[in-house]
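The values are calculated or read from the model by the stated rules, or taken from the named source; none is laboratory data. Predicted, not measured: the structure shown is a model, and the values here were computed from it. Cβ coordinates were reconstructed from backbone atoms using ideal geometry, including for glycine residues, and neighbour counts include every protein chain displayed. Heads up: the accessible areas ignore ligands, DNA and RNA and are worked out on the full protein's heavy atoms, side chains in. Shrake-Rupley method; radii C 1.70, N 1.55, O 1.52, S 1.80 Å.
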Amino acid sequence: MALRTRAALGIAGLLAVAGGALVTGPANAVAPGRCDKPALSQPARAGDLQRSNPGAFRSAEARNAGSVPGLASKAADKALWVDRCLTAFYVDATAGPADKSAAAAGMGAAAASATDLPLTVGPLSETFTLQSKPGSSKTIYLDFKGGTITGTAWNASYGATLVAEPYSIDTTVDTSFSDAELTEIQKVWQVVAEDYAPYDVNVTTQDPGSAAIDRTSSTDTVYGTRALITNGGTIYTQCSCGGIAYVNVFNTSGTNHGYYQPAWIFSNGTTKNGKYIGEAVSHEVGHNFGLNHDGTATSGYYSGANGWAPIMGASYSQPISQWSKGEYPGANNTTQDDVAQIATGAAYRTDEDAAGPVALGNGGAVNGIVAKATDVDSYAFTAAGSTTVAVANASGFPDLDVLLTIRDASGAVVATANPASARVSAFVASGLGASATFTAPAGGASYTAQVQGTGQGDPATPGGYSSYGSLGNYQVSLATQTPSSPTPLSVSVAAMPSGTVGTPYGASPVSASGGTAPYSYGATGLPTGISIDPSTGAVSGTPTAAGTWTPVFTVTDSLGASASRSGSVTINPAAAPPPSFVTGATLPTGKLRTAYTTTIQVTGGTPGYTWARTAGSLPAGLTLTGNGATATISGTPTKQGSSTFTVKVTDAAGASVTKSFTLQIRK
């Protein structure tokens with residue numbers, strides 16, 4: 001994803017076809033399987049192969065018929081490649097000079113918003129516990145910590161072992177992230193979580209484990225994709241690109257699911273700015289879902305105008321980035337429905353008002369999501385006198401442009417709000433939220449607030465867009481008078497402390513004012529194992545599952561007036577027990593000048609152990625070598641006598657244990 005073209009993979013000239021028959025896959029496959037005999041000696045641009053070797057290109061068309069239908073019509077895109085087995089993938093170019101300049105100016109600028117809006121990030125210490133939809137069976141894992149990649153299609157093209165550095169802004173490249181780095185990581189999550197908000201998929205920075213990503217068979221419904229955000233590495237050295245990903249592999253099952261992962265995003269190519277990286281992540285994961293590029297006849301990537309750009313174009317420097325179906329001027333991809341294509345891998349979220357309008361209390365606020373262009377969310381409320389209904393977007397980088405409509409009990413429109421959107425900077429757009437004020441009868445009346453996505457101008461003109469991609473998070477709130485309560489009932493929810501699985505939890509986050517006391521309290525969406533006291537509003541219990549929840553608290557006064565407001569609480573996994581030695585203090589006796597071997601073992605803790613001798617000395621001629629939970633003492637003793645020494649083991653979580661051992665060497 002970029003504004004300028006750069007050489008991809010660094011491979012010059014025509015790529016040769018290896019000897020033997022070309023390998024093809026079934027035409028109805030979602031994603032081709034791996035092959036035993038590659039057709040090419042190295043990856044090739046689809047367009048180059050089409051011109052230089054029509055036979056090989058026809059085989060590529062057949063192999064990718066289920067994942068990239070109409071490959072010939074897309075071959076002009078210089079970012080579209082096929083690997084040695086003719087499987088299609090995209091090599092996306094870097095951000096251009098103007099983008100890099102804007103990105104540098106915006107580093108560290110976090111979005112400011114109310115603390116209870118959707119997608120509000122938490123303290124920097126909780127950066128790696130962010131989750132957009134805990135409990136979903138589908139996952140998009142944002143991995144910033146790097147690692148070693150083996151056994152994938154990437155290794156078949158770029159090397160048997162690929163090492164990915166952790167994301168880093170400064171010269172210290174490790175997983176001890178600075179505050180500046182954590183700030184940008186949180187911004188990445190905000191961008192991607194908002195882009196995929198319409199779907200039943202959890203965008204998370206917390207490692208969910210392989211079971212949440214791998215799809216073992218076609219009947220396995222719990223799976224996802226891994227987006228690896230790294231500085232550079234072997235692939236980046238060859239491609240000088242912003243990202244690289246296989247096409248339409250999200251639903252692949254069996255060993256092929258992991259074979260075509262991860263999707264790579266190179267911060268050395270996208271810039272270090274979290275907003276820019278987030279746009280690239282959504283773009284590369286979009287390829288995993290089967291999306292192709294949004295460009296024009298003269299550019300492989302459409303960079304948008306006047307604040308708007310398509311995610312599958314080059315949306316770096318526009319504050320409103322949305323999924324597209326090619327409505328912009330000069331679009332070259334008018335047959336692909338981005339929103340529907342993603343839904344083939346991750347279903348749409350359940351509509352908030354599927355069972356009827358949601359109750360909206362005076363002084364309260366409720367979070368919602370517009371999941372489709374046809375989605376109109378309804379909220380029922382009672383009002384008297386001057387009344388304001390406000391809809392705020394998600395904090396961070398919203399995709400949703402709101403149209404708010406207020407209707408009375410007969411269905412007649414009494415107020416609407418749809419302010420014009422405008423580009424403030426690469427990171428901020430104005431006019432996306434909406435607020436309507438009207439006067440209700442003094443005796444009170446019933447109303448319905450309708451929230452939906454809307455567009456701006458004519459999509460066929462630069463910067464215009466329709467309601468098609470105007471999707472995402474919002475919060476609707478009500479302020480009015482009621483006949484029974486001259487002072488409106490108001491609810492506030494304080495920041496909730498984090499909890500730990502298996503550890504008793506207690507907090508009193510809810511407070512109320514106005515209305516007519518006494519109050520009663522209720523809540524929905526609390527963590528499993530936690531409940532609310534209806535008399536005091538205190539929440540307590542022992543949580544049984546880790547994750548992030550956004551409970552909705554409702555307060556009702558003695559006359560029946562109610563108000564609601566959302567909160568947020570994170571429950572962390574239970575800490576692993578510290579490691580401990582299972583080997584006794586006295587080790588088997590050795591014999592002088594005779595080969596000796598024994599082992600020391602630990603149990604518990606978090607796997608990933610470091611062994612060290614911290615005091616004393618081993619018998620001359622012997623050494624200590626750690627391997628996982630076991631260390632080996634071996635060698636040939638050269639001196640008799642008794643030796644006492646201390647060994648320290650530290651696990652991956654930083655917990656450690658020490659123990660002294662005695663080893664006797666006899667003649």
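Restricting the stretch 174-201 to residues that are β-branched (Val, Ile, Thr) and out of contact with any strand residue (DSSP E or B) (no Cβ under 7 Å at 6 or more places or on another chain), which is surrounded by the fewest Cβ atoms within 10 Å (Cβ to Cβ)?
Among residues in the stretch 174-201 that are β-branched (Val, Ile, Thr) and out of contact with any strand residue (DSSP E or B) (no Cβ under 7 Å at 6 or more places or on another chain), the one surrounded by the fewest Cβ atoms within 10 Å (Cβ to Cβ) is Thr175.
Would you check if there is a residue in the stretch 228-246 being open to solvent by 10 Å² or more (accessible area, probe 1.4 Å), in contact with a Pro (Cβ under 7 Å, 6 or more places away or on another chain) and aromatic (Phe, Trp, Tyr)?
For the stretch 228-246, residues open to solvent by 10 Å² or more (accessible area, probe 1.4 Å), in contact with a Pro (Cβ under 7 Å, 6 or more places away or on another chain) and aromatic (Phe, Trp, Tyr): absent.
Which numbered condition trips up Val501, out of (1) within 25 Å of the chain's Cα centre (by Cα); (2) over 21 Å from Gly368 (Cβ atoms); (3) modelled with pLDDT of 95 or more?
(3)
If I go through the stretch 202-214 residue by residue, how many of them are touching a residue at least 24 places away in the same chain (Cβ under 8 Å), surrounded by fewer than 24 Cβ atoms within 10 Å (Cβ to Cβ) and not polar (S, T, N, Q)?
The number of residues fulfilling the criteria is 5.
Test each condition in (1) open to solvent by 30 Å² or more (accessible area, probe 1.4 Å); (2) part of a loop (DSSP other than H, G, I, E, B); (3) at pLDDT 95 or above for Ala346 and report the one that comes out false.
Result: Ala346 fails condition (1) only.
Checking Gln601 against (1) part of a strand (DSSP E or B); (2) open to solvent by less than 40 Å² (accessible area, probe 1.4 Å), which single condition isn't satisfied?
(2) is the only condition that Gln601 fails.
Filter the stretch 580-595 down to residues that are touching a residue at least 12 places away in the same chain (Cβ under 8 Å) and under 18 Å from Lys648 (Cβ atoms) and give me whichever is least open to solvent (accessible area, probe 1.4 Å).
Ranking the candidates gives Leu587 first.
When you go through (1) without any contact (Cβ under 8 Å) to a residue 40 or more places away in the chain; (2) open to solvent by 60 Å² or more (accessible area, probe 1.4 Å); (3) not hydrophobic (A, V, I, L, M, F, W, C) one by one for Thr632, which number turns out not to apply?
For Thr632, the failing item is (2).
So, in the stretch 449-473, exactly how many residues are touching a Pro at 6+ places or on another chain (Cβ under 7 Å), farther than 30 Å from Ala538 by Cα and buried (at least 17 other Cβ atoms within 10 Å of the Cβ)?
4
For (1) modelled with pLDDT of 90 or more; (2) closer than 30 Å to Lys648 by Cβ; (3) not in a loop (DSSP other than H, G, I, E, B), each residue gets a yes or a no:
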position	(1), (2), (3)
Ser564	yes, no, yes
Ile571	yes, no, yes
Pro578	no, yes, no
Thr597	yes, yes, yes
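Return the total of residues in the stretch 633-652 being farther than 11 Å from Thr614 by Cα and either touching a Phe, Trp or Tyr at 6+ places or on another chain (Cβ under 8 Å) or of a type in the set (Phe, Trp, Tyr) (or both).
Here the count works out to 9.
Within the stretch 305-312, is even one residue surrounded by 23 or more Cβ atoms within 10 Å (Cβ to Cβ), touching a His at 6+ places or on another chain (Cβ under 8 Å) and at pLDDT 95 or above?
yes
In this structure, is Gly151 of a type outside the set (A, V, I, L, M), part of a loop (DSSP other than H, G, I, E, B) and closer than 30 Å to Ala44 by Cβ?
In short, yes.
Determine whether the stretch 279-295 contains at least one residue that is closer than 20 Å to Pro97 by Cβ, open to solvent by 10 Å² or more (accessible area, probe 1.4 Å) and touching a residue at least 24 places away in the same chain (Cβ under 8 Å).
No - not one qualifying residue is present in the stretch 279-295.
Among the residues of the stretch 474-498, what is the count of those that are in a loop (DSSP other than H, G, I, E, B), open to solvent by less than 60 Å² (accessible area, probe 1.4 Å) and modelled with pLDDT under 90?
The total comes to 3.
Looking for whichever is among the small types (Gly, Ala, Ser) and either within 21 Å of Ser421 (Cβ to Cβ) or open to solvent by less than 10 Å² (accessible area, probe 1.4 Å) (or both) here; the options are Gly330, Gly326. Which one fits?
The match here is Gly326.
Condition check ((1) touching a residue at least 40 places away in the same chain (Cβ under 8 Å); (2) under 27 Å from Asp351 (Cα atoms); (3) small (Gly, Ala, Ser)) across all residues:
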residue	(1), (2), (3)
Pro462	yes, no, no
Leu478	yes, yes, no
Thr487	no, no, no
Ser520	no, no, yes
Ala546	yes, yes, yes
Val555	yes, yes, no
Gly567	yes, yes, yes
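For the stretch 628-667, enumerate the residues that are over 20 Å from Ala595 (Cβ atoms) and outside any strand (DSSP E or B).
Gly628, Ala629, Asp651, Ala652, Ala653, Gly654, Ala655
May I ask you to say which residue of Leu119, Leu142, Leu130 is at pLDDT 95 or above, within 21 Å of Asn393 (Cα to Cα) and of a type outside the set (Asp, Glu)?
Leu130
Checking Leu400 against (1) under 25 Å from Ile320 (Cβ atoms); (2) in a loop (DSSP other than H, G, I, E, B); (3) over 21 Å from the mean Cα position of the chain (by Cα); (4) aliphatic (A, V, I, L, M): exactly one of these is not met. Which one?
(3)
Please go through the stretch 457-468 and pick out each residue that is closer than 19 Å to Thr374 by Cβ and over 28 Å from the mean Cα position of the chain (by Cα).
Selection gives Pro459 alone.
Keeping to the stretch 350-372, report how many residues are of a type in the set (Gly, Ala, Ser) and surrounded by fewer than 17 Cβ atoms within 10 Å (Cβ to Cβ).
Result for the stretch 350-372: 4.
Which residues, counting only those in the stretch 382-397, are among the small types (Gly, Ala, Ser) and either over 19 Å from the mean Cα position of the chain (by Cα) or buried (at least 24 other Cβ atoms within 10 Å of the Cβ) (or both)?
If the condition is that a residue be among the small types (Gly, Ala, Ser) and either over 19 Å from the mean Cα position of the chain (by Cα) or buried (at least 24 other Cβ atoms within 10 Å of the Cβ) (or both), then Ala383, Ala384, Gly385, Ser386, Ala390, Ala392, Ala394, Gly396 are the ones that fit.
Is it fair to say Pro43 is within 17 Å of Trp154 (Cβ to Cβ), touching a residue at least 40 places away in the same chain (Cβ under 8 Å), in contact with a strand residue (DSSP E or B) (Cβ under 6 Å, 6 or more places away or on another chain) and of a type outside the set (Phe, Trp, Tyr)?
yes
Any idea how many residues of the stretch 620-666 are charged (D, E, K, R) and over 52 Å from the mean Cα position of the chain (by Cα)?
Number satisfying all stated conditions: 2.
In the stretch 580-595, what count of residues is obtained for those that are hydrophobic (A, V, I, L, M, F, W, C) and either part of a strand (DSSP E or B) or within 39 Å of the chain's Cα centre (by Cα) (or both)?
Residues that pass the stated criteria total 1.
Tell me which residues, restricted to the stretch 424-442, are crowded, with 19+ Cβ neighbours inside 10 Å and part of a strand (DSSP E or B).
Once the filter is applied, which keeps residues that are crowded, with 19+ Cβ neighbours inside 10 Å and part of a strand (DSSP E or B), the stretch 424-442 yields Ala429, Ala434, Ala440.
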